[in-house]
Amino acid sequence: MGTLCNTKELPFNIIVTHGYTQEKKILKVYPSSGHINTEQVIELKEGLQTGIQFFVENNENMDENSTIEIQTSLYNDEDTQKSIVYRLTEGSITNWIYKNKSNETFPWRMGTYLLKVYYKGNFYTTSFFVKPLYLNDEQVHTIHRYLEEKVEGIVYDLIYSNKSLTKYQDEVLSSWYYDYARYMMAHRESINYFLLSLEKDPISHLRGDYEESRKQEKVNRKSIHWEYTNRGLSRNSGGNNKIFFYNHVKKEDFNHKINQWMKTILSKWNGDIHLVIDVISKDYDSVKKKIALLKVEFKKLEYRSEYINSKTEVARTEKVDLKAKKIIFEKELKKYNERYLQQAKWLEHLRAIHSRIVHLLNNSFFSGVDRGNIKPLLTDNRYYQLNFIYEKSKLIQKNQGDKERYIKIYKPFWQIYEYYCLFIVLDGLRKGGFKLTNNLETNLIESYHQNTIPAGSFFSLENSKVIIHCWYDKYHSDKFSAEREGELFFTPQEKKRPDIKLDLYKKQEDGTLLFESCIIFDARFRKFSNMHSDNYATSTSHQLTNYTMFFYLGENRPTRPVVEKVICLYGSESKGQVKKEVFPLTYINLFPNVLDNGEIETRGEKEVLEEIYSWIGASNIEEEESSLMNK
């Protein structure tokens, strides 16, 4: 038996060997744009040896280009997240990912990770869950749900709080269009089947009617009476020889309540689909342009790499810098290409459904049917199912019924935690009186739900005294590259991508800005004991310390590093101190804890805000901010 995708059986097998003897078979995968049923994913435990088999049983189903990609929580030397990729094999072969040896690192932290399959030109996905040692299942799911809701609420508040962005709100908050497309994709086969069935065999009523004909058929008293009317005499030229007869016939009548209601449904549905096609088409064109720009920039990097490789005495940091940038651009290109292909598939199927509905309304029995405003009892399953699917589609739209998203792309725990940290920082600034002032280059809501907030995303916030530039996952080059590219910051260190970097500028009386300093937050979903040791330097503390070495290239530049503080936000349950100072680093346990009564208490949020406003300067904290700090 292979692997199921919806109701289709695919010929490949995926088996995870976990522990010493246990084998877990992945029974279902899902289209890359679809919903993953998280209740059916396999579970792994931290620290146990783990291998995977990805195979077909015969040569007929073999495809040498097919691969399985396993997401991990590890990062390579270029500070890029690692994925483990294996090729499809003919016959079962175990690829060992982790064998619990002394020099190995378990590749996953607690949470959910994606597993992507590429097989014969199609992408599929599923996920697996790594169980923690210190939280039970109920706590994990409660916290995951809380983080999702918390982040989504902050994103909406951030956008709506900025009155200057009012004209952009409809675009920024348009995630329902994409949910709608996913819903229609999931039901397209049923919709097409029922529409075709309606066209071929609609419900009709027989009614008595009369028609003129040269052939005599069934006649009655009314037929005989017609012969002596002006019309009858005229048709037969008043003679005794009858040329035309007024026959009593039975005709199909489609213009009744059930078809009238269905015409109303299809007409409205047609409008909804047209609107969604229009919105997604605009995003599709935008993604297409983004891909073109990324390709141009990637080509520049390739030319630069060829030039550097032809020279001698080139600094290692220059080569590492180029290599890291190429990896980043390749990753972004892959991400946008997947989104581009996904949207192309949505548009193809939406347009097909739209065309079928238009044809049905204009070129079938519906053309002679009136619209109806009262929903009748739908006893025919085809009419009932189409009405049901349509009404469910309406619930996805804004301000109509259920406001829940139809599908949430399930994010790995470490990723949602990273987003959580970003938006906690932004929300803290917003609550303290800062306003978002730049127009976002991306659909933030949709990017969050698609798990694709772009690296290098920029947020500009200001109050009456200062401006803060917030960068998410921004890559910082070395000095030579930064000057060439017009960047304001550089670092000579190899670790160049902090999760969150805030740059502080004070407003001057002449309207200029005076740079003050930076503060860096890095999100780590792990235990404090795994990041810090009193007996030796850990890789995490080494990387975090490297983040202190950022320099400023703007006017009035200092000769010293400009990072005032590096703060590690870590997300594991802890009953000890919320904040720990280990010079030159600060660790804050920012994490929602589930209390015994089921309520959720967020540890560390107050300490994070205190650090931010201490860095900005106590003189800039208004009364509203002060009250916030005391919560």
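The values are calculated or read from the model by the stated rules, or taken from the named source; none is laboratory data. These numbers come from a predicted model, not from an experiment. Using ideal geometry, Cβ is built from the backbone for each residue, glycine included, and neighbour counts are taken over all protein chains shown. Just the protein is used for accessible areas: all its heavy atoms, side chains included, with ligands, DNA and RNA removed. Shrake-Rupley method; radii C 1.70, N 1.55, O 1.52, S 1.80 Å.
For R231 and R207, what does the FRET efficiency come to when R0 = 22 Å and r is the distance between their Cβ atoms, rounded to the nearest 0.05? List each step's numbers first, then the result.
Values: r = 21 Å, r/R0 = 0.96.
Computed FRET efficiency for R231 and R207 comes out at 0.55.
Set the Förster radius R0 to 45 Å, insert the Cβ-Cβ distance between T94 and Q577 as r into 1/(1 + (r/R0)^6), and round the FRET efficiency to 0.05.
Numbers: r = 44 Å, r/R0 = 0.97.
Once the sixth-power term is evaluated, E becomes 0.55.
Let's see if you can work this out: charge +1 on each Lys and Arg Cβ, -1 on each Asp and Glu Cβ, no other charges. What is the dipole magnitude of region 248-318 about its Cα centre, in debye to the nearest 20?
200 debye
Listed highest first by mean packing, meaning other Cβ atoms within 10 Å per residue, what order do 274-283, 313-322, 591-600 come in?
Numbers: 274-283: 16.5, 313-322: 14.5, 591-600: 12.5.
Top of the packing list down: 274-283, 313-322, 591-600.
Among the lysines, which fall within straight-line cross-link reach of K116, defined as a Cα-Cα distance under 19 Å, with same-chain neighbours fewer than 8 residues apart omitted?
K8, K24, K25, K28, K82, K331, K334, K335, K345, K408, K411
Test of understanding: what is the full-extension gain from E313 to N597, defined as 0.36 nm times their sequence separation minus their Cα-Cα distance?
Working: separation 284, 0.36 × 284 = 102.24 nm, distance 6.42 nm.
Taking 0.36 nm per residue and subtracting the Cα distance, the gain is 95.8 nm.
Mind grabbing the accessible area of E149 for me, 1.4 Å probe, Å², rounded to tens?
120 Å²
Using 7 Å Cα-to-Cβ label points, what is the Q493/E60 separation (nm, one decimal)?
5.8 nm
If I model a spin label as a point 7 Å beyond the Cα along the Cα-Cβ vector, how far apart are those points for K82 and A344 in nm?
3.3 nm
Please give the direction-averaged projected area of the C-alpha convex hull for region 326-395, in square nanometres with one decimal.
On the way: hull surface 29.0 nm².
Averaged projected hull area, Cα only: 7.2 nm².
Using the basic label-point model (7 angstrom from Cα toward the beta carbon), what is the L275 to Y30 distance in nanometres?
Label-label distance for L275 and Y30, simple model: 2.6 nm.
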